Every structure is written in structure tokens, then in C-alpha cells.
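Asks: Below is the structure I would like to discuss, written out as C-alpha cells.
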Amino acid sequence: MKSIGSFIGIGIVLCGFTSCSGEGEGQDADESREGIKITGEISGAENQKVRMWVFDEESGNRMVDSALIENGTFELWTDTEEMREYMIQFGPNNPSLTNTVNNKIYIFPDETADDIEITGSFPGIGDNYTITGDQNSEDYKEYTAFCKPYYDQIYAFHEQASAATDTVAKNRFYKQMDSLNLICRNYSIEFIEENPASPVSWIMLRDFYPPSGMTNFDSTHLAYFEKVSAAMKEKYPYSAYPSYIDRSIDNTLAQLEELNKAPLTDLAPELAFNDPDGNEIKLSSLRGKVVLIDFWASWCGPCRMENPNVVKTYNKYKDKGFTIYSVSLDSKKDDWVKAIENDNLSWPYHVSDLKGWQSEAAAIYGVNSIPATFLLDKEGHIIDQNLRGEQLEQKLQEILG
């Protein structure tokens, strides 16, 4: 789990890996396969390609197998019987379709799985499939089917909150979002209590983060994170996933600690990194302007959700001496550049060393969770941090009028 600092966007992000173990080949050698067989009967998808990906922390997203749908059927194989999270993608590998049709299925098979079978129709199979042969994957499907209508409403309220111009209206939308999220959280709590070692419980931890932000996070809920981590370590001693939970606990505690800190008044440490064109941009070159240092990444759901607010604030105050120095924790240039364009991040100061969580800039500023921001005055002193939305606007109003 690369980040569970939001109820949105947990799962595998495609990165364009092309290695695979076959295109529907080796079907007569089932007895010699060491992994788990996955078969499907899909309508409306004749000659469409099916790809199966797994996330590996060292190499990113890795294609495990692929096949063509012929006579309405396909067959894939995992490369191990150990528990993993897999994403099965149907049809073209086209990220631009993500927001229009759901052609992805997430599965969590382990040693207990037995000949997984998937049925459904294309396009939109991610919203209409059935699955048998693996209890974890069946539980995940039931969970997402239950929460989807609430998530859809939360997204809608978030859009309205972003467009709202007064604090009262924004807070009303945030309250509605948190109320909807509570429904999914209660579902998750009940499931976790009965199935703490399930990889689905790992995914459900996202529901403990309020859509309104970390200021409303209940720190007592970290007990559920610890419960799931301990149970998964015992059941799946080979798995790296519990370490992701432990990392999320550390990041969450760090965020809560930052929220309680008094505003800083130190001179901001220098940053000097390259923009997408390879040109070095120094933070100190922006002296004379009020600067927001914004740590983010294309794969960070909360960052992308906050970007419309950042864009709005920038457009409102850019002519009054305000600008943004964006530091990306991406590791792939194309993803970074596309996110800048898609989110309309029109300011010219975008930098990254493309080292992901090993970012030197993040280390300099002690950033261990994103989004993270630092507000600098015209002399380059840090005067506040982690201001978002209305809070940032209010602070800029005080400084710039």
C-alpha cells in the first residue's frame, strides 16, 4: 500500500511495464504451473487483451501474465501461491479511460485460493463482475460494491466543497462527506474485528481517514492498523504488506504531530532541483515573493484532490506577489508531466529529482507524508505549514491583502 492517507485511490497505479509470461500460451501445461489459475468468461470482449499486474516495491508495477480473450474466455496464472494484490486490466492500456469506464478488477489470492473464476461483461467489467474460488477477492468485491455509492457521493460533495466560496458552505459539505465515510468505516470495523488477517482489512484501513482532513482523524483508530498489521504478519510472514501498514502508522503520527506544532519562523533551507526540461530552479531565486513549497506526487490521491484548491488560490494571488514551488515525489517523469498538465498547475516552478520517497528535497524538509506544504514570506522565512484550502487563502489575505 503505497499510501493510505486517504479513503480514495488505494490500489495499483499502472506504470507501463511490458514484461509478461505469455499471451494465453501454455494452456496445456497446467500441471507444471506453480501459481494460481484464473479463468474468465467475459461477454462483449472478443479479442480484447487482458493483463495482470502486481505491485513490487522495488520495481513498481510488474506485469505477471497476459492473454487474449478468445471465444469469450481467457486464462491467466499468478507466478506464486503466496498472497499478493493483483490488478487485472481488460482492454486497452489507456489511463485516459480511467474516469469514464471501470475495466479493472483487484484480487487478493493466497494459498487457499483454488482455480479462480471471473464472469462479467465488457466494457465496465469492474462494476459488474462475479468471482469465485478465492474468499479474499469475494470479500473485496462485496466491500467495494457496498461502499461505491457512498464514495460516489463523497466525490460529488468534494467537488461542491472545492467550488464553494464561503467557509460555512465548505464545512457543510465536509460534514456530509464525513457522515458518508462513517458508513463505510463502520462496515470496515465490523469486518476487521472478524477478519484482521485478511488483506481486505488492509485495504479497509483507508476508511479511517476522514475526507475532511487529518484534523478530524481519531488517533484511537490506529489500534485497528496495529491489529491488522500484527494479524497479517502472523498469517503471511513473507508479506511486505504489513510493513506498509506500519509505515502508514508512522506517517499518520507524524502528520498529527505536525498539526500540533506552532508555526515555524526559520529561514527555509535551500532547494535546487531540475524542472521537467532539465533546468535547475533554486528556491532562493524566488525571494521577494510569498512562496508555497508544495510537496506532492501524481500517484498521491489526496494531493490530486487538493490541487484544484491550490490552482484557485494561485490564480487569485499570483498578481499580488504569490507563487508556488512544487516538489514532486514521482519516480517517473511522464506521470509527473501529465499530472501537471491534467491538473492545470500553470505556475512555472516544478522540480523533482525523480527519486520517489528517496527524494532529497523531502529529506531536507523532513517530509514523510504528502501532501505537505511550507509557506515562506518574502524574505524566505517559514511562517506556516500544511495550510490548505480556506486556511491558505486566509493566511494569504492577511499577508497580501
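The values are calculated or read from the model by the stated rules, or taken from the named source; none is laboratory data. These numbers come from a predicted model, not from an experiment. Don't worry about glycine lacking a Cβ; one is built from the backbone with ideal geometry, like all the others, and counts go over all protein chains shown.
Asks: Just to be sure I understand the filter: pairs with C-beta atoms under 7 Å, separated by 6 or more residues or on different chains, first member in the stretch 199-211 and closer than 18 Å to LEU253 by Cβ and among the basic types (Lys, Arg), second member at pLDDT below 95 and surrounded by 24 or more Cβ atoms within 10 Å (Cβ to Cβ). Which pairs pass?
Replies: That search, which allows pairs on different chains as well, returns ARG206/ILE4; ARG206/PHE7.
Asks: Given the structure, is THR144 at pLDDT 95 or above and among the β-branched types (Val, Ile, Thr)?
Replies: Yes.
Asks: Sticking with this structure for a sec: Among the listed residues SER346, SER359, SER298, identify the single one that is at pLDDT 90 or above and under 28 Å from SER248 (Cα atoms).
Replies: SER298
Asks: Among the numbered conditions (1) assigned to a helix (DSSP H, G or I); (2) at pLDDT 90 or above; (3) not acidic (Asp, Glu), tell me where ILE324 comes up short.
Replies: Of everything listed in (1) assigned to a helix (DSSP H, G or I); (2) at pLDDT 90 or above; (3) not acidic (Asp, Glu), ILE324 misses just condition (1).
Asks: May I pose another question? Restrict the check to the stretch 354-364 and report whether at least one residue is touching a Gly at 6+ places or on another chain (Cβ under 9 Å) and assigned to a loop (DSSP other than H, G, I, E, B).
Replies: No, because not a single residue in the stretch 354-364 is touching a Gly at 6+ places or on another chain (Cβ under 9 Å) and assigned to a loop (DSSP other than H, G, I, E, B).
Asks: Among the residues in the stretch 159-172, are any of a type outside the set (Gly, Ala, Ser) and more than 23 Å from GLN394 (Cα to Cα)?
Replies: Looking through the stretch 159-172, none of the residues is of a type outside the set (Gly, Ala, Ser) and more than 23 Å from GLN394 (Cα to Cα).
Asks: Okay, moving on. Kindly indicate the residue of the stretch 344-376 that is in contact with a helix residue (DSSP H, G or I) (Cβ under 7 Å, 6 or more places away or on another chain) and farther than 17 Å from SER284 by Cα and also surrounded by the fewest Cβ atoms within 10 Å (Cβ to Cβ) among those meeting that condition.
Replies: Here the residue is ASN344.
Asks: If the requirement is being of a type in the set (Asp, Glu), surrounded by fewer than 18 Cβ atoms within 10 Å (Cβ to Cβ) and either without any contact (Cβ under 8 Å) to a residue 24 or more places away in the chain or at positive phi (or both), which of these qualifies: GLU379, GLU341? Walk me through it before giving the result.
Replies: Numbers: GLU379 fails: either without any contact (Cβ under 8 Å) to a residue 24 or more places away in the chain or at positive phi (or both).
Exactly one of GLU379, GLU341 is of a type in the set (Asp, Glu), surrounded by fewer than 18 Cβ atoms within 10 Å (Cβ to Cβ) and either without any contact (Cβ under 8 Å) to a residue 24 or more places away in the chain or at positive phi (or both), namely GLU341.
Asks: Pick from the stretch 360-376 the residues that are out of contact with any strand residue (DSSP E or B) (no Cβ under 7 Å at 6 or more places or on another chain) and in contact (Cβ under 8 Å) with a residue 12 or more places away in the chain: which of them is nearest to LYS332 (Cα to Cα)?
Replies: Checked the stretch 360-376; the qualifying residue nearest to LYS332 (Cα to Cα) is GLU360.
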